[in-house]
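Just below is one structure, and these are the notes that go with it.
The values are calculated or read from the model by the stated rules, or taken from the named source; none is laboratory data. No experiment lies behind these values; they were computed from the predicted model shown. Backbone-built Cβ (ideal geometry, glycine too); neighbour counts: all protein chains shown. The protein model used for the area step is the full one, side chains on, heavy atoms only, and it has no ligands, DNA or RNA in it. Shrake-Rupley method; radii C 1.70, N 1.55, O 1.52, S 1.80 Å.
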Amino acid sequence: HAARLAEQRLDTIAQLQRYFIHSDFDPDLRATVEMILDHAKTVIDAPAIAVGRIEDENVTYWVATAPHMVGIQTPLADSVTGIAISSGETVVCNDTENDPRVHTAATRAAGVRSMVIAPLWHRGLVVG
């Protein structure tokens, strides 16, 4: 049962990823992003979801279902977020405390122990 539930959640995440790709994610649509995050949080039963934008050498989380996450920065270099952005692929981390790809200062500030990072596309480029 647990494996089937996990598979269903991953399928839902993949569907949300496809929605963002097909909608050509526009980083200026804050209200739309907040609505999508609220819906996604409920659908996948996640404690929180955040969207970050690439700013220089970091990703800064600018919309989140948990307000304390807004403003947290993760470096693109040496992080799971950076791997997702550079590869253009979704990356899963089951344990942020024991995964060497994780920037632990950011995940601890966010209170995150596991995460799925999906790149957001806009006009053919990863923007967050």
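Quick notes
- Amide hydrogen neighbours beyond the local backbone of Asn58, cut-off 5 Å, H modeled: Leu76
- Options Asn94, Ala77, Ala46, ranked by Cα towards positive dipole end of the range 25-103, top entry (Cβ charges): Ala46
- Translational diffusion coefficient of the chain (Stokes-Einstein, Kirkwood radius from Cα pairs, 37 °C, 0.692 mPa s): 223 µm²/s.
- Across the range 31-45, rounded Karplus estimates of 3J(HN,Hα) from the backbone phi angles (6.51 cos²θ - 1.76 cosθ + 1.60, θ = phi - 60°) give 4, 5, 4, 4, 5, 5, 5, 4, 5, 4, 4, 5, 4, 9, 6 Hz, Gly and Pro being marked x.
- Distance between modelled label sites at Asp38 and Ala66, nm, 7 Å Cα→Cβ extension: 1.9
- For the pair Glu7 and Glu89 in one chain, pulling the backbone fully straight at 0.36 nm per residue adds 27.8 nm over the alpha carbon distance.
- Residues Val112, Val92, Val63, ordered by accessible area of protein heavy atoms at a 1.4 angstrom probe radius and largest first, appear as Val92, Val112, Val63.
- About the centre of its Cα atoms, the chain shows a dipole size close to 220 debye [charges on the beta carbon of Lys, Arg (+1) and Asp, Glu (-1) only; nearest 20 debye].
- Residue-level accessible surface for Met69, protein heavy atoms, 1.4 Å, Å²: 20
- Among 4-10, 74-80, the order from most to least packed when residues are scored by Cβ within 10 Å on average: 74-80, 4-10
- Rounded to the nearest 10 square angstrom, Asp45 shows an accessible area of 100 square angstrom against a 1.4 Å probe.
- Proportion of all alpha-carbon pairs of the range 54-128 beyond 17 Å (%): 40
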